[in-house]
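All of the numbers you see were taken from the coordinates with simple rules; none came from a lab. None of these values were measured; they are calculated from a predicted model. Every residue, glycine as well, gets a Cβ built from its backbone with ideal geometry; the counts of neighbours run over all protein chains shown.
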Amino acid sequence: MIEGSCLCGAVAFEIDGPLSPIQYCHAARCRKASGSAFGTECAARAADFRFTRGEENLSVYEAPLLNEPPAYKRRFCRTCGSPMPVEMGNAPWVVIQAGVIDSSVDARVFRHIFTGQRAGWFEIHDELRQFEARPPPEGRLPSDEDMQG
Ligand SMILES: [Zn+2]
């Protein structure tokens, strides 16, 4: 069982199943939403995920569509602003900002995406794979391979 929560503790969630590997997303929207150099994203199957507390305290922001669906969507605690797990379109998984997970997890960071939008003041100093923009469809989170175990 993996547990997570927001900064103020009003909202909490649980995940029964595996997590995908973690990716750093340097897209401008992820930088703004996180206030940091990149978003730190992983995914879990929607069927394995549930909020255990504070669902009534959540808000959703859906940004205007840029190129292709699904729309960029953020869910957050209305009290403290922590980003909370959210579904993207009709996909059967939720995207989780890894920093809100409380449990210790085995998932590891495996790549950078949207490095074409990377902040000029941030340099990448690791050997992880980099994608200028969105990875090809077969490489998006989570692939079946990612979700095994
Ligand atoms: Zn909160």
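About its Cα centre, the stretch 2-133 has a charge dipole of approximately 380 debye under the convention of +1 per Lys or Arg Cβ and -1 per Asp or Glu Cβ, with nothing else charged.
Take the Cβ-Cβ distance between Q117 and T79 as r, set R0 to 30 Å, and report the resulting FRET efficiency rounded to the nearest 0.05.
Values: r = 30 Å, r/R0 = 1.00.
So the FRET efficiency works out to roughly 0.50.
Anyone know which of R53, R129, R108 comes out most mobile in the 10 Å Cα GNM of the chain? Highest fluctuation among the options: R129.
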